[in-house]
Amino acid sequence: MSFEFFAESFMAMLAGLPLTLKLAATAIALGACLALIIAMMRLSGNFVLDWIARIYVFVFRGTPLLVQIFIIYYGLSQFPAVRYSFLWPILREPYWCAVIALTMNTAAYAGEIIRGGLLSVPHGQIEAAKASGMSRFTTFRRIVMPLAIRQALPAYGNEMISMVKATSLASIITLMEVTGIAAKLIAESYRAIEVFIVAGAIYLAINFILTRLLLLAEYRLTPYLRQPVPVSVSASTSNSGGQVPTEGKSS
């Protein structure tokens, strides 16, 4: 192994880091919005909306992300109706196909995580908010959603980490992110071990920073779980001689 080649590979793969972060951030942000809609559909009490959400979750959680990317990028282009529709300028771009696949995949997982967080909110707190005169929207914004985020954040953090690693699959549709550049370096140098070590180290660094941010968010959102700060009480008294003044003492 050559440390010079390690350095060259690292600098080359850094060029794909912005695209990796952009894919992950876009998919996570759009996926969170779609996941909230799916969770609300599951909890709506409407039979049709509930089953549409159930089928969506079943399909996207039950099939590999790689297959979903292939279907969106290669499969949809086979239909003339798609090629001549207003969606074609988006679906012909590898970047947007990867974003759509990643978004729809993470939304299926995150939707169930958010649903579990919403169901974990104690019903008594909701009743207390109603008794205080809060509207349904205010109750959801000030009571239900903050508590649900606290409960769902650890599991949702794991999904965010998985999504960062899943961006590596975008390389199969010609996107030159970190893994795409790594594959190109391997084809040119035939040195797979060094290249994959560097690529793995880059993903490890990204997820390390992400986990620190998630821990910080958990710390800020769960003050009731923190250990109380010990307070030292001074044994000295304010008056001289250590005597405690008594009230009502006769002269």
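Descriptive notes on the structure:
- In this rough spin-label picture, where each label sits 7 Å from Cα along the Cβ direction, the N207-V82 distance is 3.1 nm.
- Read-out volume of the Cα convex hull per residue in Å³, derived from the coordinates shown; its label in [x] 232; [y] 128; [z] 183: [x]
- Candidate cross-link partners of K22 among the aspartates and glutamates, defined by an alpha-carbon separation under 18 Å and a same-chain spacing of 8 or more, comprise E93, E159, E177.
- Top of S77, S162, S85 by mean-square fluctuation, Gaussian network on the chain, Cα under 10 Å: S85
- In sequence order, region 8-18 has phi-based couplings of 5, 5, 4, 5, 5, 6, 4, 5, x, 5, x Hz under the Karplus curve 6.51 cos²θ - 1.76 cosθ + 1.60, θ = phi - 60°, and Gly or Pro positions carry x.
- Estimated translational D of region 70-166 in µm²/s (Stokes, Kirkwood radius over Cα pairs; 25 °C; 0.890 mPa s): 151 µm²/s
- In units of the compact-protein estimate 2.2 N^0.38 Å, region 9-157 shows a Cα radius of gyration of 1.29.
- The chain: relative contact order in percent, alpha carbon pairs under 8 Å with at least 6 residues between: 27 percent
- What the phi angles of region 54-70 give under the Karplus curve with 6.51, -1.76 and 1.60, with θ = phi - 60°, is a coupling list of 4, 5, 4, 4, 4, 5, 7, 8, x, 10, x, 4, 4, 5, 5, 5, 4 Hz, glycine and proline written as x.
- Size estimate for region 1-94 follows the Kirkwood approach: the inverse of mean 1/r over distinct Cα pairs works out to 16.9 Å.
- Taking Cβ atoms as reference points and 15 Å as the exclusive limit, the residues near L36 contribute a net charge of +1, counting Lys and Arg as +1 and Asp and Glu as -1.
- Positive-pole candidate from G16, L34, L49, dipole of the chain, charges at beta carbon: L49
Values quoted throughout were computed directly from the atomic coordinates according to the rules given, and no laboratory measurement underlies them. Please read these numbers as outputs of a predicted model, since none were measured by experiment. A quick note on method: Cβ atoms are made from the backbone with ideal geometry, for glycine too, and the neighbour counts reach across all protein chains shown.
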